[in-house]
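Student: For reference, the structure I am asking about is given below.
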2 protein chains.
Amino acid sequence: MFSKACEYAIRALLFVAQKSKDGSKVGIKEIAKGIDSPEHFIAKILQDLSRKGLVLSQKGPSGGFYLDDSTLNISLADVVRTVDGDSIFSGCALGLKQCSETKPCPLHHEFKRIRDDISEMLQTAKLGEFNALLEKNKLFLKR
Amino acid sequence: MFSKACEYAIRALLFVAQKSKDGSKVGIKEIAKGIDSPEHFIAKILQDLSRKGLVLSQKGPSGGFYLDDSTLNISLADVVRTVDGDSIFSGCALGLKQCSETKPCPLHHEFKRIRDDISEMLQTAKLGEFNALLEKNKLFLKR
DNA sequence: AAAGAAAAAGACAAAAAACTCTTTTATTTG
DNA sequence: CAAATAAAAGAGTTTTTTGTCTTTTTCTTT
């Protein structure tokens with residue numbers, strides 16, 4: 001569904017969101033442990049997301065990654081689009097380049113519905129909105 | 001969503017289904033052209049599907065791939081499961097190994113619905129059921 | 001100003017997926 | 001039976017994805 005990089009990205013950002021609730025920052029090592037991902041790999045991914053403004057970062061002692069009010073409101077759709085491109089939002093299930101209403105693949109019509117559901121779900125979900133449930137251990141980011 | 005191999009597999013089988021409506025067989029070259037896929041790659045995939053009984057084949061002159069009444073009734077879900085395994089039917093969207101009702105990832109509940117929709121769609125769709133529309137050029141398997 | 005901490009960057013390495021080429025085996029047909 | 005045909009099998013190659021390691025830059029704190 002999503003690439004590994006994208007799965008890690010979402011989990012990492014939700015982790016950072018939770019941790020930066022109270023304005024603190026969180027380092028790569030803690031993130032990697034917190035979501036059970038390869039440290040250097042998630043570092044790369046976050047660097048990328050940072051360059052693109054989906055997460056904030058600060059170097060040096062007491063530095064780390066964090067989110068502010070504005071970035072806490074970023075949608076998972078934005079994250080997915082940034083990491084995986086928009087194939088999941090608009091691509092053909094059977095890999096046709098020009099699959100459309102007028103030239104549909106056999107799954108086109110049914111899949112449109114499903115793609116729209118996925119889009120809506122990802123568009124609706126914001127980075128900050130899971131904090132409470134994560135805090136209460138009703139939701140999990142690893143294992 | 002699906003691997004390339006799986007996309008080709010579905011398209012190839014739908015192509016074979018259409019061609020074997022009248023009991024004839026179709027060769028690898030014609031299939032590769034018909035669905036616009038790399039010839040040797042789809043050959044491999046079909047060999048695999050053939051070994052597993054999802055398509056029938058015959059060697060030698062006037063040989064080729066074909067489907068009978070029984071195989072025409074195979075579901076796309078079976079094809080997907082054979083080629084890609086069942087990660088799409090049961091895997092976690094965020095890559096957790098033990099994502100479940102009792103230990104859910106943040107997307108678990110929403111995604112369950114979507115996965116079920118996909119499952120149902122694939123379970124319902126049978127290899128033979130697109131023949132008429134393919135014939136009339138209302139559906140396409142390439143480009 | 002110096003030391004230490006932490007992200008950024010860059011270069012590799014390993015594994016998986018996608019794709020290619022060649023040889024072998026089975027089957028049909030003249 | 002011989003020749004031709006077509007799938008099966010096997011052994012690569014290339015590309016992409018995933019993951020690792022090392023060095024550099026930036027920032028903070030003392």
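Student: Give, rounded to the nearest 20 debye, the magnitude of the charge dipole that chain B has about its Cα centre when Lys and Arg contribute +1 at Cβ and Asp and Glu contribute -1 at Cβ.
Tutor: Computed about the Cα centre, the dipole is about 400 debye.
Student: For peptide A:86-99, what's the mean number of Cβ atoms from other chains within 10 Å of each residue's Cβ?
Tutor: Rounded to a whole number, the mean comes out at 4.
Student: Considering the options A:Thr124, A:Gln47, A:Ser87, tell which one lies farthest towards the positive end of the dipole of the stretch A:1-134, charges being +1 on Lys and Arg and -1 on Asp and Glu at the Cβ, about the Cα centre.
Tutor: A:Gln47
Student: Next question, about the same structure. So what are the ³J(HN,Hα) numbers for the stretch A:127-143, from phi and the Karplus equation (6.51, -1.76, 1.60; θ = phi - 60°), rounded to whole Hz, Gly and Pro as x?
Tutor: Per-residue couplings from phi come out as 3, x, 7, 9, 3, 4, 5, 5, 4, 7, 6, 9, 10, 10, 10, 9, 6 Hz.
Student: Assigning unit charges at the beta carbon (Lys, Arg +1; Asp, Glu -1) and nothing else, what dipole magnitude in debye, to the nearest 20, does the stretch B:71-110 show about its Cα centre?
Tutor: 140 debye
Student: Holding the Cα-Cα limit at 25 Å, pick out from B:Lys19/B:Lys44; A:Lys52/A:Lys136; A:Lys44/A:Lys97; A:Lys21/A:Lys44; A:Lys112/B:Lys25 the pairs that are longer than that.
Tutor: Going by Cα-Cα distance, A:Lys52/A:Lys136; A:Lys44/A:Lys97; A:Lys112/B:Lys25 fall outside the 25 Å limit.
Student: Report the residue, chosen from A:Ala17, A:Ala77, A:Ala125, that carries the largest GNM mean-square fluctuation when chain A is represented by alpha-carbon nodes joined by springs under 10 Å.
Tutor: Highest fluctuation of the listed residues: A:Ala125.
Student: Return an integer: the convex hull volume of the alpha-carbon atoms of the protein assembly as shown, in Å³ per residue.
Tutor: 135 Å³
Student: May I ask you to derive the FRET efficiency for A:Lys138 and B:Ala5 from their Cβ-Cβ distance with R0 = 30 Å, giving the value to the nearest 0.05?
Tutor: It comes to 0.20.
Student: Once the label point is set 7 Å along the Cα-to-beta-carbon vector, what list of distances in nm do you get between B:Gly63 and its counterparts in the other copies?
Tutor: Once sorted, the set of distances for B:Gly63 reads 6.5 nm.
Student: Suppose you put the label 7 Å out from Cα in the Cβ direction; list, shortest first and in nm with one decimal, how far A:Glu135 is from each other copy's label.
Tutor: Inter-copy label distances (nm, one decimal, shortest first): 6.4.
Student: Next question, about the same structure. Using a label point 7 Å beyond Cα on the Cα-Cβ vector, give me the inter-copy distances for B:Ser50 in nanometres, one decimal, shortest first.
Tutor: List, nearest first: 5.4 nm.
Student: So how strong a dipole does the protein assembly as shown carry about its Cα centre when Lys and Arg Cβ are +1 and Asp and Glu Cβ are -1, to the nearest 20 debye?
Tutor: Its charge dipole is roughly 660 debye.
Student: Could you tell me the center-to-center distance, by alpha carbons, between the stretch A:97-143 and the stretch B:111-143 in angstrom?
Tutor: Spelled out, the Cα-based centre of one part sits 20 Å from the other.
Student: Using Cα pairs closer than 8 Å and at least 6 residues apart in sequence, work out the relative contact order for chain B, in percent.
Tutor: This gives 30 percent for chain B.
Student: Select from A:Leu107, A:Leu13, A:Asn73 the residue farthest towards the positive end of the dipole of chain A; place +1 on Cβ of Lys and Arg, -1 on Cβ of Asp and Glu, and compute about the Cα centre.
Tutor: A:Leu13
Student: Follow-up. Which one, B:Leu67, B:Leu54, B:Leu107, has the greatest fluctuation when you compute a Gaussian network model over chain B with C-alpha springs under 10 angstrom?
Tutor: B:Leu107
Student: Give the Kirkwood hydrodynamic radius (Å, one decimal) of chain A, defined as one over the mean of 1/r across all pairs of different Cα atoms.
Tutor: 16.2 Å
Student: Computed FRET efficiency, Cβ-Cβ of A:Lys126 and B:Ser119, R0 25 Å: what is it to the nearest 0.05?
Tutor: According to the calculation, E is roughly 0.35.
Student: To the nearest µm²/s, what D does Stokes-Einstein give for the stretch B:1-79 at 10 °C and 1.306 mPa s, using the Kirkwood radius over alpha carbon pairs as Rh?
Tutor: It diffuses with D of about 129 µm²/s by this estimate.
A short reminder: the numbers here are calculations on the coordinates, not readings from a lab. None of the values given here were measured: they were computed from a predicted structure. Virtual Cβ from ideal backbone geometry, glycine too; neighbours counted across all protein chains shown.
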